[in-house]
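Notes to accompany the following structure.
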Amino acid sequence: MRNLLLVTVLFSPALFAAQSSEVERGAYLARAADCVACHSTDDSAPYAGGLPLESPFGTIYGTNITPDKEFGIGNYTADDFYNAVAHGKRADGANLYPAMPYTSYHLIKREDSDAIYAFLMTLEPINRPAPETSLSFPFNLRFGLSFWNMLYGSELQLAPTTGKSEQWQRGEYLVEVLGHCGECHTPRNVAGAMQQDKTLQGGVILGYLAPSLKAEDLLARGWNSEDLATFMAHGISDQGSMFNEMYPVLHHSTQYLSLGDHQAMATYLLGEQPGPSAVISTQPLATLSESAQRGRQDYLNLCAGCHAAEGQGVPHVAVAMRGNTTLRQADSRNLLRVIDDGIAEQQFTGFERMQPMPGFADQLDDGQLRDLLNYLRQTWGGLPEDMTAPQVSELRSQKGH
Amino acid sequence: MAKRPLTLQINGKLVGPLEVPDDLMMIEFLHEYLNLTGSRLGCGQGICRACVLILDKPDGTSEEVRTCITGAHFFNGKQVRTIEGLAQRDASGAVSQMSPVQQKFVEHFSFQCSYCTPGYVNAATIMVEKLQRQPVKRSELEQEIEAALGQHICRCTGYVRYYQAAKAVVEELGLVREG
Amino acid sequence: MSRLEISRRRFLQSSVIAGISITLAPLGSKAFAALFEAQVTAAPQPWFGPNRTARFRIDGVSKACGEKVFARDIRAMDMPGWPQQQGHAMLLKATNVDQLYAGLDLSMLGPQLQPDRIVTAQDLQQDGIAWPESHGPDPLLPEGQVAMFYGHPVALLIWKDYERFREAKGLLKYNQQAVRYGVKAPRYQTDPYGSFRYVRVGGVDAFAPDTFSSLKDSMLFPIIRQRKPVWSQQALINGDLTEQGLYYAGQMLQQLQSPPDDWLVFDEQYKTQSVEPAALEADNGNGWYDPQSKTLHFVVATQCPFEVAEQTAHMLAPSRFAVEKLNMHPGYTVGYGSKYNNIFVFYAALAAMYGDGTPIRLANDRYEQFQSGIKRHAFDMHYQLAVNKQDQTFQIMRTEMSLDGGGRANYSSSVAAVGATAAQSIYYFPQSDMAATAYHSCGVEAGSMRGYGTLQSMAATEMMVDDVAERLGVDAIELRRKNMLRSGMKNTQGAIPAGALRLGELLDKAAAHELWRDRVARKQRMDQEDPDNLYGVGFAIVQKDFGTGAEAPMASVEFTADGQVKLRQIAIDMGTGMATSQALLVADFIGQPAHEIRTGETEWPELGLITSGNPYIISQADQDTNLRNPRWVGKLASASSATNSSYFSGHATREAARVLFNHGLWPAALSIWGQGIYGGAANPYVLRREDAHWVDGSLTANGMQPLPFAQLAKKAHELGLVTGASVHGFNRWAWAEAEFEINSALDRVPLDALAVKYGEGAAPDKRALMTTAGYHLLDRRSVKYPDTQLNNAMVTYYSPVATLVEVKVNKGTGAVKVLNHHSWLECGRVIVPELVLGQLEGGIAMGIGHALLEELPLYEGGPGDGTWNFNRYQLPRASDVAVWQQTAEILPPLSASDPAKGIAEVVMIPVVGAIVNAVAQATGKRLRELPLSPARIKEALNG
């Protein structure tokens, strides 16, 4: 017995070192995979669950994945954990709803899953249950997902990596698998599965557009590699700021990743040799449509107080209209949503913090909103065509959450 | 900058038409064109609420509007009240009777330097008028006050007496129902 | 405490400074109203109630109705006699401290929007503007020099109309092209602003004479070499005072480094952050220079109107403008210190001078206020404390503090001194060595801000004592009790604090409070019920000084024959409500609060005062010599700062009122009571002045018929008794005293100047004495001034506050939420309870902001770049301060004769220490760097 203990003692430092670095690795990977965003609420202990996720099928609650033996994953093995993350299978055999993005995590490396598992096991167990998810019939029948999983569970493919740099490959893994960007940025079919033939070409989530991340679309919207990396790191760049569902991505995930990883993601999305990003010059008022010219005064009345009369914004306070990526989206639903609903107060990195943007739904009727959208799109968005009144009403009626 | 005509009703009186730059903020219009300086500039960026006036809407409800980030022309054809118009005044302009909200703030020593006070008076006035249309449940009274006043910044008082006074005026006017 | 240099000057009866005559008519005053026919808002109801209580603030109605009470509210058209047109100005500032300033480029404005006047360093020099030395050098950065700090102004731009001003400003804001830079240059450097060291070794016990102390012996001042304080002297027990001090300091350090076995030595570093006072009224001034009458009319926001008037006059006197008259109009204002000794006012005065006959307004927006408004920057404090483990008594406290003093000297030196001497908080140390140095940096200008260094040092001490209690395994309040100062013990400078120290009472109450008693059980329960958060309770107690060590209050009280009472006060009301409390204090001796009060009054021709020298450094010999002139006083006038209104301003108000009682109302009463045959109803009784009482506004004594004040006032006038008194006092940690002969009676009073008025019925020979602006100016006799050595006491007036706070710390975000807090305050006599409690509530909110929310980068990316506002600088909101739950208790005074002690700063401090201590109980981690931002807490929880 003493000999065994001695051996253990001799072994331990190295083991500890290996273990603690696996835990550190796991902590980092958990950030990249952004587990905490769905497995915590705004004021819960980390990973203690409780976040309601609105889906077309009802409300799904993020579970408690602290190592609590009663309400968390304290009884999980590393295998159980991998099964849940990569295949959507709970330790008791039930299916997880694909709100858990196992369809993207499907290609997670085993050692990465183990590292995240090791990290989670070091956390303080929180003895509190997350609310039970109970969807309406038939979606409450989890076994039905087995069929769905057969069809869609393993569909995610990674593009061939031959000839691609290590940085590109790393970026692919971060974007497609850990970052699970496709879960929002890929359109879904009627069964709610990602359409793998349209990967990262844009999706609509709860009334907001997660825009296309295809290289040519990013370039058209004014992105370049450096700014995209900055955007990941700080949530703010010349092209605008992260808001709505993208903000938690910064808050919980991308701000903690390394510069190398930000660059890798930018390289993957824009390509190793990206083309030039589109420069859109500001159009003078006189050249705009009648509707857009009318919209100018509403811009001055309601927007210019923060975004400035000529759209230059206020540094650290309000983004500029010039160069703003959201204005360049041909599908203007995001622009319409933020004008109607506003944006909550957001803490970015370091000292950066933006006050709430008010929502102007009550101040603008459909006609005024149309004029304002046209003013913004035409002046700074490089989108010369007017939106029509039916288009605006239609978009407006699709409420966000 | 282009100029446009602006006409509106302030404290019951018609103002304008006045030719005013199209990008002028309302607080600039109040201060530099009408010499109504009671709506105070605290941050000028829509955060502190010292600048708010009362916008009276056609449906009979009112809301506070931040004059520092809202264009003057937004109010074209609209009706607003500023702090200067809330108390009753005699022919010479002296205050003869404060509004119930003003009276309560004074009795409760609710302010110290008073730079933020006009904003608080306006916000509390809107709340009181809302409760006059529909009284609040006692169990929700504190929340109601927090919703009305919680965004206003005060650097002197620590907020306690503003809140206590708001409670007192609501109770005294009988705007609390049980529940 | 002010280190303001007061240069030699005369203050003559006609209020002329440097050849410029000055008048002051504060906004909202009757004097101001008299300038034009504008209506001063009168309260529809009387502001005071029965029994000398205030029903509401005297200025309440004007403020609640949005009247123009702030200087910022004024436009040219509001001022009588001013041109109607209002011009506007702005300052362009350098935001680069690494390259030489290479001039302006305003071409982006185009021809239409060019300023009507640009003022640069060259203009100031050519025009002979004598910028106040204490606010220099280089108010406008000359070309070819590097900026001294971020936000150093380079030019003053003036437009004569609003529309072009606003359009131009819109183009200039955030524009990187307007201010041009040339070659790289080394950053501006200069010597530290001040360095101080206070060494004390007590005697055989706490009450015996000290072996060595600042008061008994000397403060220690290092020399500055290579921009750092160094000690060139030796440590010698038999050397000069500095050498002795160094010897004892050396002994202490040795003891700390090789302590006996039964000592615990605590050794940690505490850091604070750069903070912004954030008064909602930003710096502003509006002035019109009338070249015809050579008069500068100046509306300005300031806490020290007197100094501003004098310094502005001195600045303009030698210039080509040939100014002859200065009319100043200070408004109601707010500053928390930031409008005291503030350079801004001089830029505003210049804007008026260069306005070419148009009134010009210079008013910071919030971005500009962040960029140039006075800050309080970071403290870096090394704290060492030796404790006897056997009986838990403190043995030695040693601290070395470095202050970032920002870009100009301002008051940072003084803040360092005050911070060092406050670090002891409520404790007695047999030995102590406290040192502090304020350094220049390229940060925004720093100066006076609520707390004045004691916030930083005392909060840290409270964190330390709590930590030490944990290391010793003893109750944190018990440990405090064991070591608290008791009445008669000495502070770290060797001075004895004033009056009774009631710290034990505060500690007892806190220890008995259920929050403290049950904190362990409560934490267990709360942590279990709410596993997302960590629960904790924390305590702290401090006592803070009030007064600057050179206070010079002035007041004047008089009553008319029909019973109207008027009070004039030099102090300014910056929201504290002092106008109300001073008006009430008059009733102490007159039975009747003042009906009318004028604050910010700086015309005192009836006292004819002069001064010279600096009260902090004047030699005893010079002071003695100067005092032979009955008009000479150690300092002319106090500013409104250093929490000085209730005690110091109150002293002047009460002494003036007391003179009226003793020499006006009391003799009038005796006359009425003694009417009739054989001394009337008074004769059978023994009447003593000390037995007189005011009851419901009427005077009675020894069973005599109560006489209403109005009746007495009428009688006093009829008999030509004293019906008005103007007084001046001087305090250097004790009051100057003198004898004055009033109506053949010799009175010894705590004043150094006194002038009286006699009633309407006074005989011609009496009337003939009133030759000084309608007053009879008396010559003092046997004046006794506090010794100059008392300057080394640094502080003797204290008010204590203790706070218990309950917090929860979120495990996910690291955010701290204040759930509840309870405070105890001892301030002697309370004049208006609502005003005192209001200060406590507001101070605690500011303290919560300081502990949890407020922070600025010091240099790059900091407010000097002109982009900061309240989105990034988080001020506490109602939801942050436990607005509904909080409670407080003011201890009753010992007796009715307690003085009214100042509390406006101390109220902010214990909550900071208490929060840090609460977080320690909650998380098990002692954080030593403020603020306790979520990021810092998360780091502590995870690492």
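The values are calculated or read from the model by the stated rules, or taken from the named source; none is laboratory data. Predicted model only: the values in this text are computed from it and were never measured. Every residue, glycine among them, receives a Cβ derived from its backbone with ideal geometry; neighbour counts consider all protein chains shown. Heavy atoms of the whole protein, side chains included, go into the accessibility calculation; ligands, DNA and RNA do not. Shrake-Rupley method; radii C 1.70, N 1.55, O 1.52, S 1.80 Å.
In the range B:1-39, burial by the other protein chains removes 20 Å² or more of 1.4 Å probe accessible surface, compared with the chain on its own, from B:Met1, B:Lys3, B:Arg4, B:Asp22, B:Asp23, B:Met25, B:Glu28, B:Glu32, B:Tyr33, B:Asn35, B:Thr37.
Entry note: chain C has Rg to Rh equal to 0.97, where both radii use alpha-carbon atoms and Rh is the Kirkwood radius. Counting only residues at least eight positions apart within a chain, or on another chain, the lysines with an alpha carbon under 25 Å from that of B:Lys78 are B:Lys3, B:Lys13, B:Lys57, B:Lys130.
Eigen-decomposition of the gyration tensor built on the alpha-carbon atoms of the range B:1-44 gives equivalent ellipsoid semi-axes of 18, 15, 7 angstrom, largest listed first. Got a sec? Which residues in the range C:92-110 would a label at C:Val183 touch, if it sits 7 Å along Cα→Cβ and we count backbone N under 14 Å? Residues passing the 14 Å test: C:99-102. Pairing chain C with chain B buries about 5300 Å² of accessible area. This figure sums both sides and uses a 1.4 Å probe. Note on C:Gln885 and A:Ala91: with the Förster distance fixed at 45 Å, the Cβ-Cβ geometry gives a FRET efficiency of about 0.55.
In summary, chain A shows an alpha-carbon radius of gyration equal to 1.08 times the 2.2 N^0.38 Å reference for compact globular proteins. The mean count of C-beta atoms from other chains within 10 Å of the C-beta of residues in A:301-310, rounded to a whole number, is 6. In the full protein context, chain C carries 33 Å² of accessible surface per residue, based on a 1.4 Å probe and ignoring ligands, DNA and RNA. With contacts defined as alpha carbon pairs under 8 Å and 6 or more residues apart, what's the relative contact order of chain A in percent? Taking the mean separation of contacting Cα pairs over the length of chain A, I get 13 percent. To put it simply, the accessible area of the range C:734-779 at a 1.4 Å probe is 49 percent carbon and sulfur.
Within the range C:61-82, the residues that become at least 50 Å² less accessible when every protein chain is included than when their own chain is isolated (1.4 Å probe; DNA, RNA and ligands ignored) are C:Lys63, C:Ala64, C:Cys65, C:Gly66, C:Phe70, C:Arg75.
Here C:Lys228 is the anchor, and the lysines within straight C-alpha reach of less than 26 Å, apart from those fewer than 8 places off in the same chain, are C:Lys184, C:Lys271, C:Lys375. Binning all Cα-Cα separations of the range B:1-107 at 10 Å, short to long from zero, yields these whole-percent fractions: 14, 44, 34, 7, 1. Protection proxy ranking of C:854-865, C:614-625, by the mean of other Cβ atoms within 10 Å over each peptide's residues and highest first, is C:854-865, C:614-625.
For the range B:22-169, the convex hull spanned by the alpha carbon atoms encloses 120 Å³ per residue.
What 222 nm value per residue comes from the helices of chain A, counting each DSSP H run with n ≥ 4 as -39,500 (n - 2.57) and dividing by all residues, nearest 500 deg cm²/dmol?
Roughly -11000 deg cm²/dmol at 222 nm, from the helical runs in chain A.
Taking one equal scatterer on every alpha-carbon of the range C:85-219, how large is log10 of I(q)/I(0) by Debye at q = 0.13 1/Å? Those come out to -0.65, one per q.
Averaged over the residues of A:142-152, the number of partner chain Cβ atoms lying within 10 Å of the residue Cβ comes to 0.
A simple spin-label model places pseudo-atoms 7 Å from Cα toward Cβ; at C:Ser744 and C:Met108 they are separated by 8.1 nm. Only one residue of C:Leu403, A:Gln368, A:Gly74 has its Cα farthest out toward the positive end of the dipole of the protein assembly as shown, where Lys and Arg carry +1 and Asp and Glu -1 on Cβ, and that residue is C:Leu403.
Among B:Pro118, B:Pro58, B:Pro135, the largest mean-square fluctuation in a Gaussian network model of chain B, built with springs joining Cα atoms closer than 10 Å, belongs to B:Pro58. Label separation (C:Arg628 vs A:Val204): 9.7 nm, computed from points 7 Å beyond Cα along the C-beta direction. Within chain C, the whole DSSP H helices whose Cα atoms reach 20 Å or more along their own axis and whose mean Kyte-Doolittle score is at least -1.0 are C:241-257, C:454-472, C:833-848. For the range A:189-262, the carbon plus sulfur part of the accessible surface works out to 57%, probe radius 1.4 Å.
Please compute how much accessible surface disappears when C pairs with A, both sides summed, using a 1.4 Å probe, and round it to the nearest 100 Å². The contact between A and C buries close to 1600 Å². Overall size of the range C:283-437 from C-alpha positions, given as principal axis extents largest first: 79, 30, 26 Å.
Counting only heavy atoms of the protein chains and using a 1.4 Å probe, A:Ser146 has close to 50 Å² of accessible surface.
Taking all protein chains into account, the per residue accessible area for the range A:123-212 stands at 53 Å² (1.4 Å probe). In the range C:846-870, burial by the other protein chains removes 10 Å² or more of 1.4 Å probe accessible surface, compared with the chain on its own, from C:Met846, C:Glu855, C:Pro857, C:Thr867, C:Trp868, C:Asn869, C:Phe870. The distance from the alpha carbon centre of the range A:49-65 to that of the range C:449-526 is 48 Å, rounded to a whole number. Estimated at 0.36 nm per residue, the fully extended path between A:Ser134 and A:Leu151 surpasses their Cα-Cα distance by 3.8 nm.
Computed from the C-beta positions of C:Asp262 and C:Glu929 and an R0 of 41 Å, the FRET efficiency is 0.85 to the nearest 0.05. Across q = 0.03, 0.06, 0.08 Å⁻¹, the protein assembly as shown modelled as identical point scatterers on its alpha-carbon atoms has Debye log10 I(q)/I(0) values of -0.16, -0.65, -1.14, in the order of the q list. Here C:Lys784 is the anchor, and the lysines within straight C-alpha reach of less than 26 Å, apart from those fewer than 8 places off in the same chain, are C:Lys216, C:Lys490, C:Lys635, C:Lys757, C:Lys901. Just to be sure I understand: if you take the accessible area of chain A alone plus chain B alone and subtract the pair, with a 1.4 Å probe, what total do you get in Å², rounded to 100? Buried surface at the A/B interface: approximately 1200 Å². Rounded is the label for the range A:266-401, because a/c, from the alpha-carbon gyration tensor with a ≥ b ≥ c as root eigenvalues, stays below 1.5. For chain C, the relative contact order works out to 14 percent when only alpha carbon pairs closer than 8 Å and six or more residues apart are counted. Using a probe of 1.4 angstrom and keeping all protein chains present, the accessible surface of the range A:292-401 works out to 37 square angstrom per residue. The range A:298-314 and the range C:894-943 have Cα centres spaced 41 Å apart. For chain C, a crude dipole built from +1 on the beta carbon of Lys and Arg and -1 on the beta carbon of Asp and Glu, taken about the Cα centre, is about 340 debye to the nearest 20.
Take every DSSP beta bridge whose two residues both sit in the protein assembly as shown; close to 80 percent of them are antiparallel. A helix-only calculation puts chain B at -8000 deg cm²/dmol for mean residue ellipticity at 222 nm, using -39500 (n - 2.57) for each DSSP H run of at least four residues, averaged over all residues.
Placing unit charges on each Cβ (+1 for Lys and Arg, -1 for Asp and Glu) gives chain C a dipole about its Cα centre, and among C:Ser897, C:Tyr758, C:Gly337 the Cα reaching farthest toward its positive end belongs to C:Tyr758.
Here the range C:193-312 exposes an accessible surface that is 49 percent carbon and sulfur, computed with a 1.4 Å probe and the other protein chains kept in place.
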